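Below: the structure, in structure tokens.
The values are calculated or read from the model by the stated rules, or taken from the named source; none is laboratory data. This structure is a prediction, so every number in the text was calculated from the model and none was measured. Here the Cβ positions follow ideal geometry from the backbone for every residue, glycine too, while neighbour counts run over all protein chains shown.
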Amino acid sequence: MPLALVLRDMLRRCDTAREARSILNSRSVLVDGRPITDPKFAIGVMDVLALKATQEQYRMVVDRLGRLHLVPIDEAQAAWKLCRIEDKTTQRAGKVQLNLHDGRNILLPANEYATGMTLKLAVPKQTVIGQYPLEPGAIALMIGGQHVGELAHVERVERTRNPRANVVHFTEGFSTDVTKVFVIGKDTPEVPIPETSAIEVKT
């Protein structure tokens, strides 16, 4: 969703595109720790939005209707975000480039992380401060499909042949392809989710 629409329609901070541009030009709106002035800048799942003027912070997630939803967070949570590894490539000198779900790429000295895993990144520095593998017992948020917005526990991952996506099976009794699965924790969710089930959210 364009940042100007987030300010106007979700946060109700302005009524017009012109007002949204004025707010952004003040460099008081941060996304993942960096000031953004482009009203068309796209905000997506797990992005962290901060309003310097009011000292408010939010994380973008999806609700059970599949809509983007801003969840208020504290300053400590606003210092990091979760990123899913979409794929990776080997670069010169054996370095590995990770391509993440939000479009960013990070270069690491060694091949330590697997596709489908979620990284906890400090923002804006992009330092890896945690990891959440797509493995049995992991807690995942469904970001698409029939169960969008729900939390579930990974039971197993079924590896399929290309071009079919791998299938993830959950202890809750359903399965979906891996592109709709976003791991958000090991024992408890790392991020607050709207309309969560009985799974406790870490505070």
**Request:** Being charged (D, E, K, R) and farther than 25 Å from E75 by Cβ is the filter; apply it to segment 86-135 and report the residue that is modelled with the lowest pLDDT.
**Result:** R92
**Prompt:** Regarding V183, is this residue in a strand (DSSP E or B) and among the aliphatic types (A, V, I, L, M)?
**Reply:** yes
**Request:** Check T160 against each of (1) among the polar types (S, T, N, Q); (2) under 19 Å from the mean Cα position of the chain (by Cα); (3) in a loop (DSSP other than H, G, I, E, B) and name the one condition it does not meet.
**Result:** (2)
**Message:** Quick check on segment 83-93. Is at least one of its residues out of contact with any Phe, Trp or Tyr (no Cβ under 9 Å at 6 or more places or on another chain), over 16 Å from F182 (Cα atoms) and part of a loop (DSSP other than H, G, I, E, B)?
**Reply:** yes
**Asked** What tally of residues in segment 18-60 results from selecting those that are under 16 Å from I73 (Cβ atoms), charged (D, E, K, R) and in a strand (DSSP E or B)?
**Response** 2
**Asked** Taking segment 61-81 only, how many residues are farther than 15 Å from V123 by Cα and crowded, with 20+ Cβ neighbours inside 10 Å?
**Response** 2
**Fill in**
Looking across segment 94-118 at residues that are among the hydroxyl-bearing types (S, T, Y) and part of a loop (DSSP other than H, G, I, E, B), the single one that is farthest from V157 (Cα to Cα) is Y113
